[in-house]
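*Asks:* Below you'll find the structure I mean.
The values are calculated or read from the model by the stated rules, or taken from the named source; none is laboratory data. Because the structure is predicted, anything quoted here is derived from the model rather than measured. Cβ coordinates were reconstructed from backbone atoms using ideal geometry, including for glycine residues, and neighbour counts include every protein chain displayed. To get the accessible areas, we keep the full protein, side chains included, count just its heavy atoms, and leave off ligands, DNA and RNA. Shrake-Rupley method; radii C 1.70, N 1.55, O 1.52, S 1.80 Å.
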Amino acid sequence: MHSSLAVTLTGTPLGLTAAKFWTRTKFKGTLALKRHINPTRVPIETKESYRWLENLRQSIALIGTPERCVHVGDRESDIYELYCTAQDLGTSFLVRVQTNRLAERPADAAPHDPAHRVFAQLAATPWSGRHRITVDQDETTWLQVKFVAINTLPPVGKQKRYSPQVLTYIHALEEDPPPGRDPIDWKLVTNLPVDDLSAAVEKLGWYALRWKAEVFHKVMKSGCRAEEARLETAERLAKFLALIAVVSWRIFFVTMSARAKPDAAPDSVLTFAEITALDRIDASRTRPRLHRPTLAAYLLQIAMLGGYLARKHDPPPGNMVIWPGITRLHDISFGIAIGSNDVGN
């Protein structure tokens, strides 16, 4: 399953904009095949990576405002055809670089200068400044940041089909990584303008949001246990994955909404039945805990149903405690509904 997740700048997941299900006809020998076939000369439509272009088009068709979207992808999406597709659709992208692409040689370069490659021109660019980031709750580090616009050429075998593009490359490198951990070393490419250090740092923050897609899939695998499904046909499996994708998104959405807007009204995210059940649970306590009707307060009660201890120095509740908490809350809500019907009868 290849999915595209819409996320706000605060990290709140808005939902899936595209999803692609596929399976391979051949599982072994694909790496050995690359020794005999140059992948840069194979049409993108025949590759698995074509799903990146399909999801890009589906997302734009669903949202309808391509100029408002920035499509963020990891190194697997470093595809020249994707860059051209984004340009044709009038949308933006921010991708981690994997391929050292061909670049237009600078006018002052010597005949045998390797400056006809993107990485060489990026390496020759001076650092623009430093930026401090938080790696973990108690760990911060400094990054050196540089950026440069480079006239990037398509692969040799596809230069008749695709045109050169002026793309901006951003490099962020950790200055003093701690022992035992690889340094942060990001090379990003975008078709957005980057005119100063603050704009480059902004793009680094946007790329960090890409991890939200990994969290979403973690909820599907660990919470909904997608990999444990044993269904007889691909059609049934696809329907099952489509169903739990919605469930996983809602768990993720509830969790992140409470972090982004803790003082929001509970009914902005939770259903009437969920709020009613939480209110009745709280009313049954000797010492009620819902002192303020805020989303964060109600989310805390859901997390505690899932085993969250809510100690003073505990981190905010995450998806893995919200998942069992919501499951238990729905069981309680169902029991309340049954009891109400019995009383009515």
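*Asks:* If you take the charge dipole of the chain about its Cα centre, with +1 on Lys and Arg Cβ and -1 on Asp and Glu Cβ, which of Ser198, Ala226, Ser284 is farthest toward its positive end?
*Replies:* Ala226
*Asks:* Dipole of the chain, Cα-centred, from +1 at each Lys and Arg C-beta and -1 at each Asp and Glu C-beta, to the nearest 20 debye? Provide the component values of the computation, followed by the final result.
*Replies:* On the way: 44 positive and 36 negative charges, 173 e Å.
Value, rounded to 20: 820 debye.
*Asks:* Would you work out the relative contact order for region 206-278, in percent, from Cα pairs under 8 angstrom that are 6 or more residues apart?
*Replies:* Relative contact order for region 206-278 comes out at 26 percent.
*Asks:* Which whole-number percent gives the relative contact order of the chain, counting Cα pairs below 8 Å spaced six or more residues apart?
*Replies:* Result for the chain is 12 percent.
*Asks:* Give the peptides 254-262, 1-9 in descending order of average Cβ contacts within 10 Å, highest first.
*Replies:* The peptides rank, most packed first, as 254-262, 1-9.
*Asks:* Within the accessible area of region 51-141, what % is carbon and sulfur when the probe is 1.4 Å and the other protein chains stay in place? Walk me through the numbers on the way to the answer.
*Replies:* Numbers: 2350 of 5030 Å².
That fraction is 47 percent.
*Asks:* Anyone know which of Gln87, Gln137, Gln98 comes out most mobile in the 10 Å Cα GNM of the chain?
*Replies:* Gln137
*Asks:* Here's something else I'd like to know. Under a GNM of the chain (C-alpha, springs under 10 Å), which listed residue has the highest mean-square fluctuation: Leu188, Leu62, Leu197?
*Replies:* Sorting by GNM fluctuation, first place goes to Leu62.
*Asks:* Using the C-alpha atoms of region 254-345, what convex hull volume per residue, in cubic angstrom, is computed?
*Replies:* Hull volume over Cα atoms, normalised by residue count, gives 97 Å³.
*Asks:* Something else now. With a Förster radius of 25 Å, plug the Cβ-Cβ distance of Lys239 and Lys47 into 1/(1 + (r/R0)^6) and report the FRET value to the nearest 0.05.
*Replies:* Working: r = 27 Å, r/R0 = 1.06.
The calculated FRET efficiency here is 0.40.
*Asks:* Filter the trypsin sites (Lys or Arg not before Pro) in region 141-235 down to the DSSP loop ones having no more than 16 other Cβ atoms within 10 Å, then list what survives. Numbers along the way, then the final one.
*Replies:* Details: sites: Lys146, Lys158, Lys160, Arg161, Arg181, Lys187, Lys203, Arg210, Lys212, Lys218, Lys221, Arg225, Arg230; in loops: Lys160, Arg161, Arg181, Arg210, Arg225, Arg230.
Answer by residue number: Lys160, Arg161, Arg181, Arg225, Arg230.
*Asks:* Given a 1.4 Å probe and every protein chain left where it sits, what share in percent of the accessible area of region 161-267 is carbon and sulfur?
*Replies:* Ligands and nucleic acids excluded, carbon and sulfur give 56 percent.
*Asks:* Taking the DSSP beta bridges in the chain as the whole, what percent of them are antiparallel, to the nearest 5?
*Replies:* Bridges in the chain that DSSP calls antiparallel: roughly 90 percent.
*Asks:* Please find, in a Gaussian network model of the chain (springs between Cα atoms separated by less than 10 Å), the residue of Thr91, Thr99, Thr140 whose mean-square fluctuation is greatest.
*Replies:* Sorting by GNM fluctuation, first place goes to Thr140.
*Asks:* Now for a separate question. Which pairs, out of Lys187/Lys239; Lys47/Lys187; Lys187/Lys218; Lys239/Lys261, put more than 29 Å between their alpha-carbon atoms?
*Replies:* Flagged as over cut-off: Lys187/Lys239; Lys239/Lys261.
*Asks:* Provide the net charge surrounding Lys158, with neighbours chosen by a C-beta distance below 13 Å and charges set as Lys +1, Arg +1, Asp -1, Glu -1.
*Replies:* Taking every other residue near Lys158 into account, the sum is +3.
*Asks:* What accessible area per residue, rounded to a whole number of Å², is obtained for the chain using a probe radius of 1.4 Å? Let's see the in-between values first.
*Replies:* Values: 20190 Å² over 345 residues.
With the other protein chains kept in place, the chain gives 59 Å² per residue.
*Asks:* Between the DSSP loop rule and a limit of at most 15 other Cβ atoms within 10 Å, which chymotrypsin sites (Phe, Trp or Tyr not before Pro) in region 271-345 are left?
*Replies:* Answer by residue number: there is no such site.
*Asks:* By how many degrees, between 0 and 90 and to the nearest 10, does the Cα long axis of helix 272-283 differ from the longest principal axis of the chain?
*Replies:* 50
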